[in-house]
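All of the numbers you see were taken from the coordinates with simple rules; none came from a lab. This is a predicted model, so every value here is computed, not measured. Using ideal geometry, Cβ is built from the backbone for each residue, glycine included, and neighbour counts are taken over all protein chains shown.
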Amino acid sequence: MPGPSPAPTKLKLLKGVKPYRINQNEPKPKSVSGNIPPGWGAHMSTGAKRFWKRNAPRLAKMGMLTEADLNSFRVLCELYTSWVQIVNTIRKVGETYKTHNQTHETVYKKRPEVPIREDIEKRLLSYFAQFGMVPSGRSRIAIPPEMPEKPRYLD
């Protein structure tokens, strides 16, 4: 079925989607703390761990990271690390290189890293959208303000 993928229910609720448009029988996985699950750190790159520690607690606090989302979020962390590495490589070597064609004319060609970066960026934006991490998604979300706690009186 063509078209955009469905938004997560949490985002739909925050956007104010009409209740009849929300699946009431959707599975509701447990929220997580935002910490890297035990044993996962050994199989993650250093950059992915940094991305996780910087973003997972925020997403968990918003209710956008549950135990069912951990594998997808891990892929996002590794994907972001790959993007950082490829961007750093392109900064060092440039986006093009000089070569000569069959008639010995100088020709500038795009480095192979550039299309790889573009592919990673497309995939990153897709993952960011799934976790509500892009501005266009947040601009349509209205989070109700937290109510202050009632004052507690000592008896």
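Values as computed for the structure displayed
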read-out: GNM result for the chain, Cα springs below 10 Å: residue of P38, P112, P135 fluctuating most strongly; value: P38
read-out: Neighbour-count ranking [beta-carbon atoms within 10 angstrom, fewest first] of F131, F73; value: F131, F73
read-out: Whether the stretch 1-121 is rounded, prolate or oblate, judged on the alpha carbon gyration tensor where a/c under 1.5 counts as rounded; value: oblate
read-out: Neighbour net charge for A68 - beta-carbon separation under 14 angstrom, K R +1, D E -1; value: +1
read-out: Lysines with Cα under 25 Å of K109, excluding same-chain neighbours fewer than 8 positions away; value: K92, K98, K122
read-out: Order of R111, R74 under a 10 Å beta carbon neighbour criterion, fewest first; value: R111, R74
read-out: Which listed pairs, of K15/K61; K30/K53; K12/K53; K10/K53, have C-alpha distances above 24 Å, in listed order; value: K12/K53
read-out: The chain, helix-only ellipticity at 222 nm - DSSP H runs n ≥ 4, -39,500 (n - 2.57), divided by all residues, nearest 500; value: -14500 deg cm²/dmol
